[in-house]
Amino acid sequence: MHELSIAMGIVKIAEDEKAKVKENTITKIELEIGELAGIEIDSLNFVWESAVKGTALENSKKEITIIPGKAICADCNTEFFLENIYDSCPKCNSNFKGIIQGKELRVKALEVI
Amino acid sequence: MCGTCGCGSETNGPTILKPGEQPHQHSHEHTHDGVHFHSHENDTHNHEHSHTHKVLEIEQDILQNNQVLAARNRGYFEAKNILALNLVSSPGSGKTAILERTLVDLKDEIPFYVIEGDQQTLNDANRIDALNTPVIQINTGKGCHLESDMVYNAVKKLSIKDNTVLMIENVGNLVCPSMFDLGESKRVVIISVTEGEDKPIKYPDMFFTSDVCIINKIDLLPYINISIKKLKDYALQVNPKLQFFEVSATKGDGMEQWYNWLKKNMVKS
């Protein structure tokens, strides 16, 4: 359940940012999570409530944008979408590839008042 | 920070101990009062500013804290020419057994240091301590993986000499430790033949992020129905750059190749 560590990391970022701008309330937090980042969204949602309890995010809305996984084949240069980190190139079947998208794990924005 | 509830208490946080050291006694009555944020419902002051929403573009990596400290660890290891290995696997794959065998066999050639990660007990640290190797145990409490700050603090306690090898045995878990860079030079994933040949695609992240794969307990091959070739094919599908060693930590088969790899990587790390 590393999702709890992740959720607590998110809380820390939000509280640090809130302190910087001296605003009262975070109304919304926007997250970007890649499909290949190793995060189960269900698990994150599951731990979210207990992780944000008593923090600046307790009453904030959470918005998650899922970023699809994308790779470039090292052998034939084909760019392709992948669901699993072990998917091979659809054109030449090679397993050698560079991940170019989908490992994101970011706090994109906070909405404050 | 408390890995169970995030309350900021040290009670359930990681503890870092040498064998024989006693943990600090915390009372278990921690409340959550210390860290709560007040709602503003009862405020008497009036806000002069308008209540329009403001959007702060943060764009911050959630694992940034871990990565910053991992980079710091890595710099320290490189400067001191320490080969730091992060040993990861399911519980019971034989991380500690491989470690013990390696320490015994190479003790006269390579100076080792060990960091043991487990949720509870000093058992592993005691096993390593019995071999007269400097060791620190990190107990993560409810935490399912080591993070770079724990390694940073453990390394400070170990006072490691230059030109040595640091073995970091992660918490037995094939999922969570894959996301947390500790600053290691190489990541070594261990899988035992009894775990089944398709583990690499069932838990791909760990194999994707590793450099070396040690296949342990090969002495049990006559008793089980598993194809090492299939296991390797699955692992290579996830990570075509993986380098394999087939060993039996208890019998000693195949350990020589692993030792040669260690020595080779020590010279120029």
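The values are calculated or read from the model by the stated rules, or taken from the named source; none is laboratory data. Bear in mind the structure is a predicted one, so any value in this text is a computation, not a measurement. For neighbour counting, all protein chains shown are included, and Cβ atoms are generated from backbone atoms with ideal geometry for every residue, glycine included.
(1) within 14 Å of another protein chain (Cβ to nearest Cβ); (2) hydrophobic (A, V, I, L, M, F, W, C); (3) within 28 Å of residue B:138 (Cβ to Cβ): which one isn't true of residue B:201, the others all being true?
(3)
Here are A:14, A:7: which of them is in contact with a Phe, Trp or Tyr (Cβ under 7 Å, 6 or more places away or on another chain) and crowded, with 17+ Cβ neighbours inside 10 Å?
Details: A:14 fails: in contact with a Phe, Trp or Tyr (Cβ under 7 Å, 6 or more places away or on another chain).
Residue meeting the stated conditions: A:7.
When residue B:222 is evaluated against the numbered criteria (1) surrounded by 17 or more Cβ atoms within 10 Å (Cβ to Cβ); (2) part of a helix (DSSP H, G or I), which criterion, by number, is the only one it fails?
All conditions pass for residue B:222, except number (1).
Being assigned to a loop (DSSP other than H, G, I, E, B) and within 14 Å of another protein chain (Cβ to nearest Cβ) is the filter; apply it to the range B:61-99 and report the residue that is surrounded by the most Cβ atoms within 10 Å (Cβ to Cβ).
B:62
Exactly one condition in (1) modelled with pLDDT under 95; (2) under 23 Å from residue A:40 (Cβ atoms) is false for residue B:189; which is it?
In the conditions (1) modelled with pLDDT under 95; (2) under 23 Å from residue A:40 (Cβ atoms), residue B:189 misses (1) alone.
Which members of the range A:41-74 meet the condition of being surrounded by 13 or more Cβ atoms within 10 Å (Cβ to Cβ), within 10 Å of chain B (Cβ to nearest Cβ) and part of a loop (DSSP other than H, G, I, E, B)?
Residues of the range A:41-74 that are surrounded by 13 or more Cβ atoms within 10 Å (Cβ to Cβ), as a first pass: A:41, A:43-48, A:50-58, A:60, A:62-64, A:66-67, A:69-74.
From the residues that got through so far, the ones that are within 10 Å of chain B (Cβ to nearest Cβ) too are A:47, A:50-58, A:74.
Matches in the range A:41-74: A:53, A:54, A:55, A:56, A:57, A:58, A:74.
Within the range B:225-265, how many residues turn out to be under 25 Å from residue B:83 (Cβ atoms) and not in a loop (DSSP other than H, G, I, E, B)? Quick ask: steps written out before the conclusion?
Applying the first criterion (under 25 Å from residue B:83 (Cβ atoms)) to the range B:225-265 yields B:232, B:235-236, B:238-250, B:252-265.
Now restrict to residues that are not in a loop (DSSP other than H, G, I, E, B): B:232, B:235-236, B:238, B:243-246, B:255-265.
Going through the range B:225-265 one residue at a time, the tally reaches 19.
Being touching a Pro at 6+ places or on another chain (Cβ under 6 Å), of a type in the set (Gly, Ala, Ser) and in contact (Cβ under 8 Å) with a residue 24 or more places away in the chain is the requirement here; does residue B:125 meet it? Spell out the reasoning first.
On the way: touching a Pro at 6+ places or on another chain (Cβ under 6 Å): yes; of a type in the set (Gly, Ala, Ser): yes; in contact (Cβ under 8 Å) with a residue 24 or more places away in the chain: yes.
Judged against the criteria, residue B:125 is a match.
Using the structure shown, decide if residue A:74 is touching a strand residue (DSSP E or B) at 6+ places or on another chain (Cβ under 7 Å), more than 22 Å from residue B:203 (Cβ to Cβ), at pLDDT 95 or above and small (Gly, Ala, Ser). Before the answer, list the steps.
Details: touching a strand residue (DSSP E or B) at 6+ places or on another chain (Cβ under 7 Å): yes; more than 22 Å from residue B:203 (Cβ to Cβ): yes; at pLDDT 95 or above: yes; small (Gly, Ala, Ser): yes.
In short, yes.
Mind checking which pairs have a first residue in the range B:175-189 that is at positive phi and a second that is hydrophobic (A, V, I, L, M, F, W, C) and outside any helix (DSSP H, G or I), Cβ under 9 Å, 6 or more apart or different chains?
Hits for this filter: B:183/B:84.
Among the numbered conditions (1) touching a residue at least 12 places away in the same chain (Cβ under 8 Å); (2) basic (Lys, Arg); (3) closer than 30 Å to residue B:19 by Cβ; (4) surrounded by fewer than 17 Cβ atoms within 10 Å (Cβ to Cβ), tell me where residue B:230 comes up short.
Result: residue B:230 fails condition (3) only.
Check off (1) modelled with pLDDT of 95 or more; (2) of a type outside the set (S, T, N, Q); (3) touching a Lys or Arg at 6+ places or on another chain (Cβ under 9 Å) for residue B:166 and give me the number that stays unchecked.
Only one criterion is unmet by residue B:166, namely (3).
Within the group B:50, B:9, B:39, which residue is outside any helix (DSSP H, G or I), within 17 Å of residue B:139 (Cα to Cα) and modelled with pLDDT under 95?
Numbers: B:50 fails: within 17 Å of residue B:139 (Cα to Cα); B:39 fails: within 17 Å of residue B:139 (Cα to Cα).
Going through B:50, B:9, B:39 in turn, just one is outside any helix (DSSP H, G or I), within 17 Å of residue B:139 (Cα to Cα) and modelled with pLDDT under 95: B:9.
From the list B:66, B:126, B:86, which one is in contact with a Lys or Arg (Cβ under 8 Å, 6 or more places away or on another chain) and at negative phi?
Numbers: B:66 fails: in contact with a Lys or Arg (Cβ under 8 Å, 6 or more places away or on another chain); B:126 fails: in contact with a Lys or Arg (Cβ under 8 Å, 6 or more places away or on another chain).
Step by step, each of B:66, B:126, B:86 is checked, and only B:86 is in contact with a Lys or Arg (Cβ under 8 Å, 6 or more places away or on another chain) and at negative phi.
Identify the single condition in (1) in a loop (DSSP other than H, G, I, E, B); (2) modelled with pLDDT of 95 or more; (3) in contact with a strand residue (DSSP E or B) (Cβ under 8 Å, 6 or more places away or on another chain) that residue B:174 does not satisfy, given that it satisfies every other one.
The failed condition is (2).
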